[in-house]
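Take a look at the structure below.
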Amino acid sequence: MEQLKWRQIALLISPVVLIPLLLFILLHISPSIALRTHVFMDGHPIVALTTKIVDDQEHNQMDKEFLRNEHAKCYSLTKPPKEDLTDSFLQNYIVRKKGFIYIADYYGNA
C-alpha cells in the first residue's frame, strides 16, 4: 500500500471543509435567506418556505439606537410558527450583519 503525500491528503480533505463552508455562506448571504434558514433549523420547514417576511416597523422604530449599534434590523413573519412549549407565535426576528453574512435570531414580542 502506497503512502499518501500531503498534496493527496489535502485534495481528499478539502471538499469536506469547503462544501460545508460554502453552504453556510450561501444560507447566510442575505437577510431573508438567513431568516428562513433560522426558522427552518428551528424545526419549522414548511413555515420557513411559505411565509412572507416584512419589516417590523414597530421594533425598528422603538429600538433604533440599539439596532444601529448592532448593525441589525428587525423582521416579522406573516405566518409565524407556533411554539408548543409557550403556546405563543414566533413572529419577530432580528437579523444582524456580521461581515458579509447575516445571522438571524428570535427577537420576541416586547
- Taking the stated definitions as given, is ASP105 surrounded by 11 or more Cβ atoms within 10 Å (Cβ to Cβ) and acidic (Asp, Glu)? yes
- Which residues, taken from segment 88-110, are part of a strand (DSSP E or B), in contact with a strand residue (DSSP E or B) (Cβ under 6 Å, 6 or more places away or on another chain) and within 19 Å of ARG68 (Cβ to Cβ)? ASN92, TYR93, ILE94, VAL95, ARG96, TYR102, ILE103, ALA104, ASP105
- Return the total of residues in segment 36-69 being surrounded by 13 or more Cβ atoms within 10 Å (Cβ to Cβ) and either of a type in the set (Lys, Arg) or within 21 Å of PHE24 (Cα to Cα) (or both). 11
- Note on the structure: Selection from segment 13-32 of residues assigned to a helix (DSSP H, G or I), without any contact (Cβ under 8 Å) to a residue 40 or more places away in the chain and aliphatic (A, V, I, L, M) yields ILE13, VAL16, VAL17, LEU18, ILE19, LEU21, LEU22, LEU23, LEU26
- Note on the structure: Checked segment 34-66 for anything assigned to a helix (DSSP H, G or I), in contact (Cβ under 8 Å) with a residue 40 or more places away in the chain and within 13 Å of the chain's Cα centre (by Cα); matches are ALA34, LEU35, THR37, HIS38, VAL39
- With the condition kept exactly as written, say whether any residue in segment 67-87 is over 17 Å from ASP42 (Cα atoms), in a strand (DSSP E or B), among the aliphatic types (A, V, I, L, M) and modelled with pLDDT of 95 or more. yes
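The values are calculated or read from the model by the stated rules, or taken from the named source; none is laboratory data. Just so it is clear, the model here is predicted, and its values are computed rather than measured. Note that each Cβ is placed from the backbone with ideal geometry, even for glycine, and that neighbours are counted across all protein chains shown.
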